[in-house]
Amino acid sequence: MTTLTTPFLECHKRAGAKLVEFAGFLMPISYAGILAEHRAVRTSAGVFDVSHMGEFEVRGPDAGRFVDHLVTNRVAGAEVGQAVYTPMCLPNGGIVDDLLAYKFEDRIMLVVNAANIAGDWEWAQEVAQGFDVRLENVSDRIAQLAVQGPRAAEIFEGLVPPAALDLGYYRFTGTSLWGVPMVFSRTGYTGEDGFELYFDAAQGERVWEELFQVGRKVGLQPIGLGARDTLRLEMAFCLYGNDIDRTTHPLEASLGWTVKLDKPDFVSKAALLAAKAKGLERRLVGLEIASPRVARQGWEVLAGGAVVGRVSSGTASPSLGRSIALAYVPAGGAANGTEYMVRSGSVELPARVVPRPFYTQASHR
Amino acid sequence: MTPEGLRYTKDHEWARTDGDLVVVGITHYAQDQLGDVVFVELPAVGRTLEAGQSFGVIEAVKTVSDLYAPMAGEIVEVNAALAGEPALVNQAPYEAGWMVKIRPSNAADLDHLLDASAYRALLEAQHA
C-alpha cells in the first residue's frame, strides 16, 4: 500500500517536522518537540493537521433515522449546528469506531478515525440497507485543521462573524476564511478551547499560510501527533486502537454517557442492555503511577500478584509532571484510591486509581 | 552531530576518555530519535558491568530505551543533574547530558568501539 499524504505535507516539511507513517498517512509526529508543543497548546495555541481523518456525508429522507440506528448517541434529535460525540458499535456492542456526527440542515457529516475509514465505510453501508439514504465518502476532498488552546479564539477575531466566536462547545457554523468556505466547529481533542476547520483540500496550503500569519500574535505553533496524544491523555479522552476497539464496549470504556439506551432501536442496543443488566466485568479507569517510569499500552495490571487488567495508554504527563495511564481493571475495583501494581517484564510499579480527567486546568472542562 | 575524538557503539552510545575513566552518554542521533527525555534511570555507583549489559533506562514521552555498557567496568560516578533536568540529554547529549563514568576493566576496550567516521557511516546506512 502506498503511503497517503495530507494537503499539508510540504507545510510540515518547511516547519521542520519529524514525519512518521500513521494509519497509512505520512504525518508529523513533532516539530519543536512534544513537550514544547504540549505547552504551547496548554498556554497559548497550536495547529494540528488532522486531515487524515475521514468524513462521510449522509443525505436523504432517512438520514437522521439511519444515523441514530448506526451509532449509540442521539444525533437526529440534535439541533442543526450541533456536533455529537458517539461510538459506533457492532451488534455485540464492540466499538467499530468513535466519531463526531455533525447535524447540518440537509445532511449529517460523520468524522471518523483515519485508521478506520475503510472498515467504517463498509460497516455504514451494511447498516444502511433498507434506509432511504445516500452515503458519500468525501475523506479525500476535505482538509481538517484543529486550532487549539486558550488563545485560539483570539486568532479569528475580526476574521469571522462574532457569532462564530460565540459558538458554544460542540457547536459549529458555516463561514468563510480568506475566501475559503469552511465548517467552523468549536470542538477538539485537547480539553482546551479551540476550533476544528473543515474545508476544500485544494485550499490546504493557502489556509495554513494565512493561519500562521494571523496566528503570530499568539505565537501559534504547529503541533504533531506526539503532543496530540499527551494532550488527549491528560484529559482521559479515549484513543481508538488503544483504549477502545472492537473487543471493548462503550459502557466498560466509561462512555456510558454516549449510549442512549432509551432510543427506539439501534445496532448494539440489545447487547448493551444485556451488558448493563448483567453488570460490568471491567472498567476503564485513570491510573497514577508512583514512579517516573511510564506504564505503556499492554502493561499488565496486578492485584494481589495476579493479572487482573491491562494498561491501554500511558504517558509522562507534561502538565502534571507525573506518570499517568488509562487501564481496564475489574469493575469492582474501579473506585478512586484503589491500589494496583502495573508490570512489564521485570519492572513493577505501584499505581492508584485517580479521578478523570487527570488535568483539570484546561480551558474547556 | 558526531564529534571527532569520541568512540561510538551500534546502540548509539558514545564513550570518551577522561583520565583513567570513560564517560558514557547517548548520541545526538539517539536523543533525536527518542524525543523529549523525561526520566533517566542510572545504576548505583560501584556496580560492575559486562560489555553490552543493560545498566539503565531512558524514558521519553513516546518511548523507552535501555542503556547498554559500551565496555566492561565499574560505575564510579553517575550524572546526578539528570534527575532534576532530564532534558539535558536532549539539549547537550555530548556534554551536560552525559550519563555515567566507568572505570574500564581494560582500557584498550575503547579502541574496539566505532570511531566518528564509522559511526557516521552506520547512521547513513540506516537511512539509505
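The values are calculated or read from the model by the stated rules, or taken from the named source; none is laboratory data. Quick caveat, the model's predicted, so the values are computed rather than measured. Don't worry about glycine lacking a Cβ; one is built from the backbone with ideal geometry, like all the others, and counts go over all protein chains shown.
Structural remarks
- With respect to the stated conditions, A:R42 fails to be of a type outside the set (S, T, Y), more than 21 Å from A:C238 (Cβ to Cβ) and touching a residue at least 40 places away in the same chain (Cβ under 8 Å).
- One residue alone among A:E57, A:E79 is free of Cβ contacts under 8 Å to residues at least 60 places away in the same chain, among the charged types (D, E, K, R) and more than 14 Å from every other protein chain (Cβ to nearest Cβ), and that residue is A:E79.
- Sole residue being of a type in the set (S, T, Y) and free of Cβ contacts under 8 Å to residues at least 12 places away in the same chain, chosen from A:S346, A:S323: A:S346
- Scanning region A:297-327 for residues that are within 14 Å of another protein chain (Cβ to nearest Cβ) and surrounded by fewer than 14 Cβ atoms within 10 Å (Cβ to Cβ) yields a count of 2.
- Of the residues making up region A:20-35, those that are of a type in the set (A, V, I, L, M) and within 13 Å of another protein chain (Cβ to nearest Cβ) are A:V20, A:I29, A:A32, A:I34, A:L35.
- Picking from residues in region B:12-39 that are in contact with a Ser or Thr (Cβ under 9 Å, 6 or more places away or on another chain) and in a loop (DSSP other than H, G, I, E, B), the one that is surrounded by the most Cβ atoms within 10 Å (Cβ to Cβ) is B:D36.
- Number of residues in region A:167-196 that are closer than 14 Å to A:I155 by Cα and either touching a residue at least 40 places away in the same chain (Cβ under 8 Å) or in a loop (DSSP other than H, G, I, E, B) (or both) equals 6.
- Test for A:V294: is it within 14 Å of chain B (Cβ to nearest Cβ) and within 26 Å of the chain's Cα centre (by Cα): yes
- Restricting region B:58-72 to residues that are assigned to a loop (DSSP other than H, G, I, E, B) and away from chain A (no Cβ under 14 Å), the residue that is nearest to B:P43 (Cα to Cα): B:A69
- Residue match in region B:27-34 (condition: more than 14 Å from chain A (Cβ to nearest Cβ), over 21 Å from A:A32 (Cα atoms) and either free of Cβ contacts under 8 Å to residues at least 60 places away in the same chain or in contact with a strand residue (DSSP E or B) (Cβ under 7 Å, 6 or more places away or on another chain) (or both)): no
- Top-ranked residue of region A:1-17 - restricted to ones that are surrounded by fewer than 16 Cβ atoms within 10 Å (Cβ to Cβ) and touching a Gly at 6+ places or on another chain (Cβ under 7 Å), ranked as modelled with the lowest pLDDT: A:M1
- Which numbered condition A:A101 misses (of (1) closer than 16 Å to A:R246 by Cβ; (2) free of Cβ contacts under 8 Å to residues at least 40 places away in the same chain; (3) of a type outside the set (S, T, Y)): (1)
- Any hit, region A:328-346, residues being buried (at least 20 other Cβ atoms within 10 Å of the Cβ) and touching a Gly at 6+ places or on another chain (Cβ under 6 Å): yes
- Matching residues in region B:37-52 - criterion: being in contact with a Phe, Trp or Tyr (Cβ under 8 Å, 6 or more places away or on another chain) and within 14 Å of chain A (Cβ to nearest Cβ): B:L42
- Qualifying residues in region B:83-105 (those that are surrounded by fewer than 23 Cβ atoms within 10 Å (Cβ to Cβ) and within 14 Å of chain A (Cβ to nearest Cβ)) - the one farthest from B:K10 (Cα to Cα): B:G84
- Taken over region A:213-238, the criterion of being in contact with a helix residue (DSSP H, G or I) (Cβ under 9 Å, 6 or more places away or on another chain), outside any helix (DSSP H, G or I) and more than 14 Å from chain B (Cβ to nearest Cβ) is satisfied by A:G219, A:L220, A:Q221, A:P222, A:F237, A:C238.
- Just one of the listed residues (A:G279, A:G286) is at positive phi and either buried (at least 22 other Cβ atoms within 10 Å of the Cβ) or more than 13 Å from chain B (Cβ to nearest Cβ) (or both), and it is A:G279.
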